[in-house]
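Some notes on the structure that comes next.
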Amino acid sequence: MSTGASGFVQPIVLRDRGIRLEPLAIDHENGLKAAAADGELWRLRVTSVPEPENTRAYIETALKMREQGCRFAFAVIDEATGTVLGSTSFHDILPEVKRVEIGYTWYAQRVQRSHVNTTCKLLMMGHAFDTLGCHVVGWRTDNFNFASQAAIERLGARKDGVIRGHALRRDGTIRDTVMYSMRAGEWPEARAQLLYRLALRD
């Protein structure tokens with residue numbers, strides 16, 4: 001792991017509004033299986049949710065990427081119950097230009113369209129911009145994952161463009177990737193808007 005990347009993958013726990021983000025570990029295997037089973041999320045061709053039998057390998061891959069300094073994965077935890085709700089990551093970490101992307105994000109079906117995703121993104125964007133001093137935070141998603149695109153746009157991110165023929169889906173088809181980003185100067189307004197939306201839920 002390069003020295004420059006070390007600060008981006010140091011163990012950190014983030015928490016707010018009953019949600020805790022803690023470093024993904026093998027101990028989360030059963031919790032991730034249960035979260036993915038809520039909606040059988042691995043059946044969705046536009047997501048990276050692991051099949052039950054591949055959950056340990058999914059975690060091991062995330063840990064290996066963390067050692068390489070290119071990804072830092074979190075387990076998303078309900079603080080009240082300790083239940084694993086899903087997972088999310090910083091990835092494509094570029095310390096030299098102070099850029100990270102947020103992705104590998106998925107949640108149990110029962111907490112989708114709740115405050116969970118907005119809370120997680122506020123925690124991660126705040127950590128990226130305010131603690132790590134990032135200049136840019138990025139997102140990428142499948143061109144057919146319209147729900148993900150809408151969720152990213154609600155965060156205040158701007159669409160950078162589409163990379164055509166960019167990656168394989170789990171079913172072997174080739175996807176186009178839609179790229180989004182937010183600059184540090186855009187973060188204060190985005191943060192205020194997201195806090196306002198969360199306040200409406202309270």
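Can residue 176 be described as part of a strand (DSSP E or B), at positive phi and surrounded by fewer than 18 Cβ atoms within 10 Å (Cβ to Cβ)? It is false that residue 176 is part of a strand (DSSP E or B), at positive phi and surrounded by fewer than 18 Cβ atoms within 10 Å (Cβ to Cβ).
Scan segment 36-60 for residues that are within 12 Å of residue 169 (Cα to Cα), modelled with pLDDT of 75 or more and of a type in the set (S, T, N, Q) and the total you get is 1. For segment 116-133, a residue qualifies if it is within 14 Å of residue 193 (Cα to Cα) and of a type in the set (S, T, N, Q), and the qualifying residues are 118, 119.
For the condition surrounded by 18 or more Cβ atoms within 10 Å (Cβ to Cβ), in contact with a helix residue (DSSP H, G or I) (Cβ under 7 Å, 6 or more places away or on another chain) and without any contact (Cβ under 8 Å) to a residue 60 or more places away in the chain, residue 95 does not qualify. Scanning segment 71-85 turns up no residue that is surrounded by 15 or more Cβ atoms within 10 Å (Cβ to Cβ) and not in a strand (DSSP E or B). When you look at residue 129, is it of a type outside the set (Lys, Arg), surrounded by fewer than 21 Cβ atoms within 10 Å (Cβ to Cβ) and at pLDDT 90 or above, yes or no? Answer is no for this residue.
Among the residues making up segment 33-70, a single one is more than 15 Å from residue 104 (Cα to Cα), touching a strand residue (DSSP E or B) at 6+ places or on another chain (Cβ under 8 Å) and assigned to a helix (DSSP H, G or I): 34. For beta carbons closer than 7 Å, sequence separation of 6+ or different chains, a first residue in segment 75-87 that is farther than 22 Å from residue 103 by Cβ and a second that is surrounded by 15 or more Cβ atoms within 10 Å (Cβ to Cβ) and of a type in the set (Gly, Ala, Ser), the qualifying pairs are 83/31.
Restricting the first member to segment 172-189 and to residues that are touching a residue at least 24 places away in the same chain (Cβ under 8 Å) and closer than 15 Å to residue 121 by Cα, and the second to residues that are of a type in the set (Phe, Trp, Tyr) and crowded, with 16+ Cβ neighbours inside 10 Å, the beta-carbon pairs closer than 9 Å and six or more apart or on different chains are 180/139; 181/139; 182/129; 182/139; 184/129; 187/129. In segment 157-167, the condition of being free of Cβ contacts under 8 Å to residues at least 60 places away in the same chain, buried (at least 21 other Cβ atoms within 10 Å of the Cβ) and under 16 Å from residue 197 (Cα atoms) is met by at least one residue. For segment 86-115, residues that are touching a His at 6+ places or on another chain (Cβ under 9 Å) and not in a strand (DSSP E or B) total 2.
Scanning segment 130-167 for residues that are aliphatic (A, V, I, L, M) and farther than 23 Å from residue 107 by Cα yields 132, 136, 162, 163.
The values are calculated or read from the model by the stated rules, or taken from the named source; none is laboratory data. Treat the numbers as computed from the prediction; the structure is a model and nothing was measured. When we count neighbours, we look across all protein chains shown, and the Cβ atoms used for this are built from the backbone with ideal geometry, even at glycine.
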